[in-house]
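Enquirer: My structure is below; once you've seen it, I'll send some questions.
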């Protein structure tokens, strides 16, 4: 306990957190936005390598969180995240000795991921725009944005694959509904899990920043 309460450690903690003053006010500098983008890109690349691994693919949540933090930088951030997603898919498929363009995942439906991921980005951006208010209102808005954007993303990605991919040989509306029921809650659960993790990190960092700011003000008065 003494190590954590030492003045030297508190000073180093304040110095490290000072790089992210915009977390509290959501006014992020270009350097901060680039750092957040890098973290999100690494998370997506690291978890997208195997969609069904023990660590599930975080792509949906990454686009949601990016929409929240990088709303004003969508022209470059969204395009780069899409490019990274496609590059990872290309590397994974090619590493299996398969052709990217003839793989069953890369059907005409594959390009509907632009709209699907766009729905996740829009959910995060809307949360960023309207997130001011009480904690209860913020959590309620978070829940609505995650649920709606994830559902729209799922409808676009699942529906386009079901109706456009040659991997589905027999199509019917009832078959589509059954297929959605099989996959929907798993994808929703993964998105919620990652978004809640990001929310927890956001709250912890914000609290640490507030505490360090108050400590600096008190020490400045002394």
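Rule-based calculations on the coordinates, nothing more; no lab input. Since we're looking at a predicted model, the values are computed, not measured. Glycine also receives a Cβ, built like all others from the backbone with ideal geometry; neighbour counts cover every protein chain displayed.
Enquirer: Enter the Cα centre distance for the pair region 53-91 and region 158-172, rounded to the nearest angstrom.
Expert: 25 Å
Enquirer: Here's another thing I want to ask about it. Computed FRET efficiency, Cβ-Cβ of residue 179 and residue 95, R0 35 Å: what is it to the nearest 0.05? Display every interim value, and only then the final one.
Expert: On the way: r = 28 Å, r/R0 = 0.80.
So the FRET efficiency works out to roughly 0.80.
Enquirer: Follow-up. Arranged from highest to lowest average of other beta-carbon atoms within 10 Å per residue, in what order do the peptides 113-125, 138-150, 173-185 appear?
Expert: Numbers: 113-125: 21.8, 138-150: 17.6, 173-185: 11.8.
The peptides rank, most packed first, as 113-125, 138-150, 173-185.
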